[in-house]
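J.: I have a structure here, written as structure tokens, and I will follow up with some questions on it.
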Amino acid sequence: MVRFGLIGAGRIGRIHGGNVAARSDARLVAIADADAASATALAQQTGAEVRAADAILTASDIDAVLICAPTDLHADLIEKAARAGKAIFCEKPVDLSSDRIRGCLDVVAQAAVPLMIGFNRRFDPNFATLKARLDHGLAGDIEIVSIISRDPSPPPVSYIARSGGLFRDMMIHDFDMARFLLGEEPIAVTAVGSALVDPAIGEAGDVDTAAVLLETRSGKIAQISNSRRATYGYDQRVEVHGSKGMLRAGNIHETTVDFASAAGFNADPVQNFFLERYASAYRLELDAFVKAVTSGTAPTPSGQDGLRAQMLSDAATQSAQEKRRIEITA
């Protein structure tokens, strides 16, 4: 039985808290949130207590900590949890600064505690199946990875202002997926971005429409397309082209029902938001973390995965701003 403390009872915290509470091999002991009403509401739903964050980090009746607080608190909370000997699951990113992440990972290494970063898309059954078939050589040698990620609508500008920008906030998931599928580290990034969806996003210094090319040392290419607007729903697609063929994972629709007539085929819309699209991925992600904690194995995605994705996010941001190709240094 893994006893969990949850820090952050917002949207993603409610997902993880509910998933822990639904398990027979785990228990949600305590919840902390700066918004007392949010913490209390989730505690009532899950049978947990409300405690202060510091009390959760040092509690003897808690084995593992789920960090779902705002991004600017992640690294500090990870370090405190590590020093207290807790197993740690933290939502992406570890921090918006790669240097800060390196320092944080040093603390985790010194404490010798498990740390898993919440790149949930690795656990999506469709993407995971694609990866497994890729690893079995079905597509042959990888040549080009293509990733499309488009949100149904942009977040409020107030969110944009503290998000770190599209490349660090949204595309970081796709950078992790590109690394996951390529099996080789990108050595260079070329990015372009525009504010075409909401002028206020551009005024805030960010972009809402972007494309990136990643290059590996052996010549493999990954191309990523992001947009903060998709009028048809939450667009999540992956394609890997190789020497023997192509593997593709498409969108998930609200139902599998099609209507056919002389005018053609008509399908239901794709699922409209990440909460629905990745519900199973969040559950499977937690499965992997609990198994790692109980078996004493290193969880993945690791802190180093978090660092590498952040480095790509930083390079893409720099590339788009300076309009040039950026090489990745270790």
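The values are calculated or read from the model by the stated rules, or taken from the named source; none is laboratory data. Note that the structure is a prediction, hence the values are computed from the model and not measured. Here the Cβ is made from the backbone with ideal geometry for all residues, glycine too, and neighbour counts use every protein chain on show.
J.: Just one of (1) under 26 Å from Ile172 (Cα atoms); (2) surrounded by fewer than 18 Cβ atoms within 10 Å (Cβ to Cβ) trips up Gly47, so point out which.
T.: (1)
J.: Can you find, within the stretch 60-72, the residue that is farthest from the chain's Cα centre (by Cα) among those that are assigned to a loop (DSSP other than H, G, I, E, B) and closer than 23 Å to Lys291 by Cβ?
T.: Checking each candidate, the answer is Asp61.
J.: Determine which single condition Ile160 fails, assuming it passes every other condition in (1) outside any helix (DSSP H, G or I); (2) within 25 Å of Ser97 (Cα to Cα); (3) among the aliphatic types (A, V, I, L, M).
T.: Here Ile160 clears every test but (1).
J.: Between residues in the stretch 163-187 that are within 22 Å of Asp206 (Cβ to Cβ) and residues that are in a helix (DSSP H, G or I) and β-branched (Val, Ile, Thr), which pairs lie under 6 Å by C-beta distance while being six or more apart or on different chains?
T.: Final answer for the pair search is Gly165/Thr317; Phe167/Thr317.
J.: Ok, one more. Is it true that Ser225 is closer than 21 Å to Lys131 by Cα and not in a helix (DSSP H, G or I)?
T.: On the way: closer than 21 Å to Lys131 by Cα: yes; not in a helix (DSSP H, G or I): yes.
Yes.
J.: Quick check, is Asp287 closer than 30 Å to Thr255 by Cβ and not assigned by TED's automatic domain parsing to the domain that holds Lys86? Outline the logic, then answer.
T.: Numbers: closer than 30 Å to Thr255 by Cβ: yes; not assigned by TED's automatic domain parsing to the domain that holds Lys86: yes.
For Asp287, the condition - closer than 30 Å to Thr255 by Cβ and not assigned by TED's automatic domain parsing to the domain that holds Lys86 - is met.
J.: Among (1) out of contact with any Ser or Thr (no Cβ under 9 Å at 6 or more places or on another chain); (2) of a type in the set (A, V, I, L, M, F, W, C); (3) within 25 Å of Gly164 (Cβ to Cβ); (4) at pLDDT 95 or above, there is one condition Val189 misses while meeting the rest; what is its number?
T.: Going through (1) out of contact with any Ser or Thr (no Cβ under 9 Å at 6 or more places or on another chain); (2) of a type in the set (A, V, I, L, M, F, W, C); (3) within 25 Å of Gly164 (Cβ to Cβ); (4) at pLDDT 95 or above one by one, Val189 breaks only (1).
J.: Tell me whether the stretch 5-24 contains one or more residues that are more than 22 Å from the chain's Cα centre (by Cα), assigned to a loop (DSSP other than H, G, I, E, B) and either more than 16 Å from Arg283 (Cα to Cα) or not assigned by TED's automatic domain parsing to the domain that holds Pro70 (or both).
T.: no
J.: Considering Arg179, Arg162, Arg217, which residue is closer than 28 Å to Arg133 by Cβ, assigned by TED's automatic domain parsing to the domain that holds Ala249 and surrounded by fewer than 17 Cβ atoms within 10 Å (Cβ to Cβ)? Quick ask: steps written out before the conclusion?
T.: Values: Arg179 fails: surrounded by fewer than 17 Cβ atoms within 10 Å (Cβ to Cβ); Arg162 fails: closer than 28 Å to Arg133 by Cβ.
From the options Arg179, Arg162, Arg217, the qualifying one is Arg217.
J.: Could you please give the count of residues in the stretch 227-251 that are touching a helix residue (DSSP H, G or I) at 6+ places or on another chain (Cβ under 6 Å) and more than 18 Å from Leu181 (Cβ to Cβ)?
T.: 1
J.: Can you tell me which residue among Ala195, Ala191, Ala210, Ala249 is touching a Phe, Trp or Tyr at 6+ places or on another chain (Cβ under 8 Å), surrounded by 13 or more Cβ atoms within 10 Å (Cβ to Cβ), closer than 16 Å to Asp151 by Cα and outside the structural domain of Arg11 (by TED's automatic domain parsing)?
T.: Values: Ala195 fails: touching a Phe, Trp or Tyr at 6+ places or on another chain (Cβ under 8 Å); Ala191 fails: closer than 16 Å to Asp151 by Cα; Ala249 fails: closer than 16 Å to Asp151 by Cα.
Just a single option satisfies the conditions, and that option is Ala210.
J.: In the stretch 228-245, what count of residues is obtained for those that are part of a strand (DSSP E or B) and over 24 Å from Ala267 (Cα atoms)?
T.: First pass over the stretch 228-245, keeping only residues part of a strand (DSSP E or B): 235-242.
Pick out the ones that are also over 24 Å from Ala267 (Cα atoms) and you get 240-242.
Counting residues in the stretch 228-245 that are part of a strand (DSSP E or B) and over 24 Å from Ala267 (Cα atoms) gives 3.
J.: Answer yes or no: is there a residue in the stretch 165-182 that is among the aromatic types (Phe, Trp, Tyr) and more than 15 Å from the chain's Cα centre (by Cα). Even if it seems obvious, please write down each step before you answer.
T.: Pass one, the stretch 165-182, residues among the aromatic types (Phe, Trp, Tyr): 167, 175, 180.
Restricting the remaining residues to those that are more than 15 Å from the chain's Cα centre (by Cα) gives none.
Checked against the condition, which is being among the aromatic types (Phe, Trp, Tyr) and more than 15 Å from the chain's Cα centre (by Cα), the stretch 165-182 yields no hits at all.
J.: Looking at (1) farther than 30 Å from Asn251 by Cα; (2) without any contact (Cβ under 8 Å) to a residue 12 or more places away in the chain; (3) under 23 Å from the mean Cα position of the chain (by Cα), which is the only condition Ala132 fails?
T.: (1)
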